[in-house]
Amino acid sequence: MSGRLITLALFSAVLMAPGVVLGAPLEKKGSTSYTSHYVFHPLGITELPGVGKVSALEMVGTTENTKGEPVFDKMKAKCHAVKVEAGDKTYFDGACAMTDADGDIVFSTFNTRDLDKSQPKMDCGTHFIKGGSGKYTGITGLEAFACISKATPPGEPTGSFAMDIPHNTTWEIKAPAAIGAGTGESGTGTQMKK
C-alpha cells in the first residue's frame, strides 16, 4: 500500500511541476512551420497521348514541426489528389486530413496554382485550412508550401514517389456558428431575396 502512495505522490509531483504542460490547449491564433513526409501512391490514370494525362493519387505520411513546437507535429496525414498534365501545364489539386494523437483532425484543400508571392521559397502551392474536429473545431488558415523530391522508400508500389513538403502555416480558431444562427443560407443572418 505504501508503495502505491509513494508512486502516486511522485506522479502527482511531476504533474504539478513548473514547466510541465499536459494537454495544453491549442492557441486560437498562431503560426508555425512543419514538414509533411509523403509517399504518393498511384490509384489510376486517364491519358490521351499528346494531349493530356490525369492521375489520381493517395498521399500518406507524417508531419514534423520544424520549430520543435507541439502544434502540427507527429500527425498522421492522408490526402487524395489529382495531378493534371495538359500541354505544358502540370498542377495538383487535392484535400488532406491530418490526425493527431488525440484523434482530432485538421481538414484542408490544396492546389499548386495559388502561390504566396511573399514567400518565394514556398513555391509549390497553398493549403487552405477549412476546418477540423475536437481541438481544431472552427480552424481556418493558409499554408504556403514547397515540394522537395525524395527517394521512394523500398517496397512501395510501382509508380509511387516520395516528397517532403515544408509548410509555413498561419491559423485562427473561431467558435463555430450556432445551429440555426441565421435565416440566410450561409447562417450569417442575412435574408436571401427572392
Distance-filtered residues of segment 80-100 - backbone nitrogen under 20 Å, label point 7 angstrom along PHE128 Cα→Cβ: 80-84, 90-98
Where labels lie 7 Å past Cα in the beta-carbon direction, separation of ASP88 and LYS174 in nm: 4.2
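Test of understanding: what is the full-extension gain from ALA97 to SER149, defined as 0.36 nm times their sequence separation minus their Cα-Cα distance?
Working: separation 52, 0.36 × 52 = 18.72 nm, distance 2.14 nm.
Working it through step by step, the gained length comes to 16.6 nm.
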Whole-angstrom gap from segment 45-72 to segment 139-162, using each part's C-alpha centre: 5
Nonlocal amide H pairs with LEU115, under 5 Å, H built at 1.01 Å: none
Length added when fully stretched, ASP114-VAL51, from 0.36 nm per residue minus Cα-Cα: 20.3 nm
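No value in this document is a laboratory result; all are computed from the given coordinates. These figures come from a predicted structure and were not determined experimentally. Note: ideal-geometry Cβ built from the backbone for every residue, glycine included; neighbour counts use all protein chains shown.
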